[in-house]
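Contents: one structure, followed by commentary.
The values are calculated or read from the model by the stated rules, or taken from the named source; none is laboratory data. The shown structure was predicted, so the numbers you read here are calculated from the model rather than taken from an experiment. Cβ atoms come from the backbone with ideal geometry, glycine included; neighbour counts cover every protein chain shown. Each accessible area value is taken on the protein alone, full model and side chains, heavy atoms only, with ligands, DNA and RNA left out. Shrake-Rupley method; radii C 1.70, N 1.55, O 1.52, S 1.80 Å.
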Amino acid sequence: MGNEIWLSMESLWNSLTTGSVFAVFHWDADGIASAAILLKMLGERIVGFYPPRVGVYSLEALPWRRISESRASVLTVLDYGLPGTAYEDLSDIVAPRSVAVLDHHLVEPPRGGGRGVLHYVNPVAQSLGGEEDWPATSFLVYSIPGVGEACDARRCSWLAAVGIVGDLGPVIEARPRAYGTAARLAGKSGYSLRDIAKVVELVDSCYRLLDEECIVHAAQLLGWASGPRDVLDDNRLSRAAEEAAKALRTAMDRVRYLFQRHGIIAYYVESDAHVTSYVGRKLAAMHSDSVVLLLHWAPGRKRGFVYARSMRHQLTRVLRELRESGVPAGGKEHVLAFPVEEPDKGLLEKLADLVERHVFGRSSADGGW
């Protein structure tokens, strides 16, 4: 890996510690924990933070009014999974402010375009490590030189564990190195992974309910919390968790089997809650030798998501072909997703063709997306 990643981290960190910062962070546990670590480390330098619009991956989904009102000198984006060219565009849009990006999604890195100042650290995108090396953006933030030591002194290493457990969920035990990293980080602060999993369930309830103010509340809470107990005792998150649990149970009851091929099994679910990754990960854990495909349609919002996950098989070549075909897909080594505007179950058949070709080496009928 060399010194490249550490030099990039130091340059990015210097940008954050010499100005005022507005943090945009992904709405799930990893994004929230990443923002919380920054809040602990930077204190009053954080002049605002807010998630993008839940379920939408684009520059348009950023909280532009809040960003413009903040007058921050640095805009940092955490765990959002946009391609590097989008951040080059962003650096031009917000200039003379600088942009600092920390991420671990498998995306195309910046190409060196744009006139604005861009600090970009994504070791997975930059071929400086894989998903097992960098299982969460919160772990990446924690790994910035000097941050981990300060975080350990403040007993906040558990926040990095929150991101790892949140991102891997029920498949974490199939990733032994990531599991070990999460357990080590939790233990440094004196907690177990069971404690961490309870925190994850609470904070993820906010985005499942599409409640952006709840997401901000969770990030602020984790930012000042001394440990999981402060989070588990929070009334607002407890109420959100109860409501989200009902939505998740209902969604699992509504899951419908669609079809099965060699190594592939496809499902459909309807729910207006943001349950895509929860249902998809549950199904992947149930079918640990297969690639699970899921179409989640939200009828009240008139939009949905196609999701694929596997505990065993890498989906990187599938993800690459989708992007080359113009599909706005995001993901990592074992998971991918993209939005859809109609509940077309034929999309899963086409995705299954790509999986057959790229994962199992079988030719499909149509030969492309």
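Among the residues of region 158-192, those identified as of a type in the set (S, T, N, Q) and more than 18 Å from GLY130 (Cβ to Cβ) are SER189, SER192.
Annotation: SER271 fulfils all but one of (1) of a type in the set (S, T, N, Q); (2) at pLDDT 95 or above; (3) farther than 28 Å from PHE25 by Cβ; the unmet one is (3). The numbered conditions (1) in contact (Cβ under 8 Å) with a residue 60 or more places away in the chain; (2) open to solvent by 20 Å² or more (accessible area, probe 1.4 Å); (3) outside any helix (DSSP H, G or I) are all true for CYS156 except (2). Of all residues in region 265-310, those being assigned to a loop (DSSP other than H, G, I, E, B) and surrounded by fewer than 20 Cβ atoms within 10 Å (Cβ to Cβ) number 8. When SER189 is tested against the conditions (1) touching a Leu at 6+ places or on another chain (Cβ under 9 Å); (2) under 22 Å from LEU39 (Cα atoms); (3) modelled with pLDDT of 95 or more, the lone failure is (3).
Out of the residues in region 58-78 that are in contact with a strand residue (DSSP E or B) (Cβ under 6 Å, 6 or more places away or on another chain) and not aliphatic (A, V, I, L, M), state the one that is farthest from CYS206 (Cα to Cα). Once the filter is applied, the top-ranked residue is SER70. Counting just the residues of region 161-189 that are aliphatic (A, V, I, L, M) and more than 17 Å from LYS282 (Cβ to Cβ), which one comes out surrounded by the fewest Cβ atoms within 10 Å (Cβ to Cβ)? Among those that are aliphatic (A, V, I, L, M) and more than 17 Å from LYS282 (Cβ to Cβ), it is ALA183. Checked against the criteria, GLU131 counts as under 28 Å from ILE172 (Cα atoms), open to solvent by less than 40 Å² (accessible area, probe 1.4 Å) and touching a residue at least 12 places away in the same chain (Cβ under 8 Å). Note on region 60-96: residues that are acidic (Asp, Glu) and within 17 Å of ILE32 (Cα to Cα) total 1. On the stretch given as region 39-61, residues that are of a type in the set (Ser, Thr, Tyr) and surrounded by 15 or more Cβ atoms within 10 Å (Cβ to Cβ) total 2. Return a yes/no flag: does region 190-207 have any residue that is closer than 18 Å to PHE139 by Cα, open to solvent by less than 40 Å² (accessible area, probe 1.4 Å), more than 22 Å from the chain's Cα centre (by Cα) and free of Cβ contacts under 8 Å to residues at least 40 places away in the same chain. Checked against the condition, which is being closer than 18 Å to PHE139 by Cα, open to solvent by less than 40 Å² (accessible area, probe 1.4 Å), more than 22 Å from the chain's Cα centre (by Cα) and free of Cβ contacts under 8 Å to residues at least 40 places away in the same chain, region 190-207 yields no hits at all.
If you filter region 217-227 down to residues that are assigned to a helix (DSSP H, G or I) and under 17 Å from SER138 (Cβ atoms), you find that the one that is most open to solvent (accessible area, probe 1.4 Å) is TRP224. Cβ-Cβ distances below 7 Å connect the following pairs, each with a first residue in region 233-256 that is over 13 Å from GLU201 (Cβ atoms), a second residue that is open to solvent by 30 Å² or more (accessible area, probe 1.4 Å) and in a helix (DSSP H, G or I), and a separation of six or more residues or different chains: ARG236/HIS217; MET252/LYS282.
Considering the conditions (1) farther than 21 Å from MET9 by Cα; (2) within 18 Å of the chain's Cα centre (by Cα), ARG177 is excluded by exactly one of them, (2). Checked against (1) open to solvent by less than 20 Å² (accessible area, probe 1.4 Å); (2) part of a strand (DSSP E or B); (3) farther than 26 Å from LEU202 by Cα, LEU354 passes all but condition (2). Yes or no: VAL141 open to solvent by less than 10 Å² (accessible area, probe 1.4 Å), assigned to a helix (DSSP H, G or I), under 17 Å from ILE5 (Cβ atoms) and not aromatic (Phe, Trp, Tyr)? In short, yes.
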